[in-house]
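Chemist: One structure, as structure tokens, below. Some questions next.
The values are calculated or read from the model by the stated rules, or taken from the named source; none is laboratory data. The shown structure was predicted, so the numbers you read here are calculated from the model rather than taken from an experiment. Please note: Cβ atoms are built from the backbone with ideal geometry, for glycine as well, and neighbour counts cover all protein chains shown.
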Amino acid sequence: MTVDTKAIEKVITIAARPETVFRLLTDPHEWVRWKGKIAQLEPRPGGTFHVDFQNDKDVVDGRFVEVIPSRRVVFTWGWQGSPTVPPGSSTVEIDLEPDGDGTRLRLVHRGLPEAALASHTEGWDYFLPRLVSVAEGRVVESDTAHHTTAQTQR
């Protein structure tokens, strides 16, 4: 059986240096400032990518594929217990480019089945502005009240 897969693409500008944004994407203590409750991140090819969300039931698992300091982070992504988007079944690519004193971030989430596109788009639309806020030095509230409807579509 063939599963039709699609991609989500987001481009944002952040008023913070690529080094700052990279740290928020690769350091587990920094990651949870904008997404999730607990993160286990080993930012090297083959390293662990694991995030527990605030609701105590949603867990993402994958592996880092490519890590270029301050320039590129690629990891696989999927939900524990999900038949639709199981651990490691999709790939998130994040490219960072200097943009004046800030950073242009391009995220592409590939390999998602059609049934999971809307929920994952909603998730990135919620979490990327949180990344921007934290990178730019603002404090964000806990995301306890939010985790996307991804769980109904995972």
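Chemist: Tell me, which residue of the range 77-96 that is in contact with a Leu (Cβ under 8 Å, 6 or more places away or on another chain) and assigned to a strand (DSSP E or B) is farthest from residue 112 (Cα to Cα)?
Modeler: Only one residue tops the list, namely 96.
Chemist: For the range 50-76, give me each residue that is assigned to a strand (DSSP E or B) and farther than 19 Å from residue 96 by Cα.
Modeler: 50, 51, 52, 59, 60, 61, 62, 63
Chemist: Still on this structure: Within the range 3-17, is there a residue that is exposed (fewer than 14 other Cβ atoms within 10 Å of the Cβ), in contact with a Pro (Cβ under 6 Å, 6 or more places away or on another chain) and not polar (S, T, N, Q)?
Modeler: Yes, the range 3-17 contains at least one residue that is exposed (fewer than 14 other Cβ atoms within 10 Å of the Cβ), in contact with a Pro (Cβ under 6 Å, 6 or more places away or on another chain) and not polar (S, T, N, Q).
Chemist: Given the residues 149, 121, which is the only one that is at pLDDT below 90 and more than 18 Å from residue 32 (Cβ to Cβ)?
Modeler: Only one candidate qualifies: 149.
Chemist: With respect to residue 63, is the statement that it is of a type in the set (D, E, K, R), in contact with a Ser or Thr (Cβ under 7 Å, 6 or more places away or on another chain) and free of Cβ contacts under 8 Å to residues at least 40 places away in the same chain true?
Modeler: So residue 63 fits the description; yes.
Chemist: Mind checking which residues of the range 30-45 are in a strand (DSSP E or B) and among the small types (Gly, Ala, Ser)?
Modeler: The one that is in a strand (DSSP E or B) and among the small types (Gly, Ala, Ser): 39.
Chemist: Here is a further query. For the range 4-62, which positions are closer than 18 Å to residue 87 by Cβ and hydrophobic (A, V, I, L, M, F, W, C)?
Modeler: 31, 38, 39, 41, 49, 51, 53, 59, 60 - these are the residues of the range 4-62 that are closer than 18 Å to residue 87 by Cβ and hydrophobic (A, V, I, L, M, F, W, C).
Chemist: For residue 44, indicate whether it is in contact with a Ser or Thr (Cβ under 8 Å, 6 or more places away or on another chain) and among the charged types (D, E, K, R).
Modeler: Judged against the criteria, residue 44 is not a match.
Each row is one residue, and each column tells you yes or no for (1) under 11 Å from the mean Cα position of the chain (by Cα); (2) touching a residue at least 60 places away in the same chain (Cβ under 8 Å); (3) surrounded by 14 or more Cβ atoms within 10 Å (Cβ to Cβ).
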| position | (1), (2), (3) |
| --- | --- |
| 44 | no, no, no |
| 54 | no, yes, yes |
| 57 | no, yes, no |
| 69 | no, no, no |
| 88 | no, no, yes |
| 95 | no, no, yes |
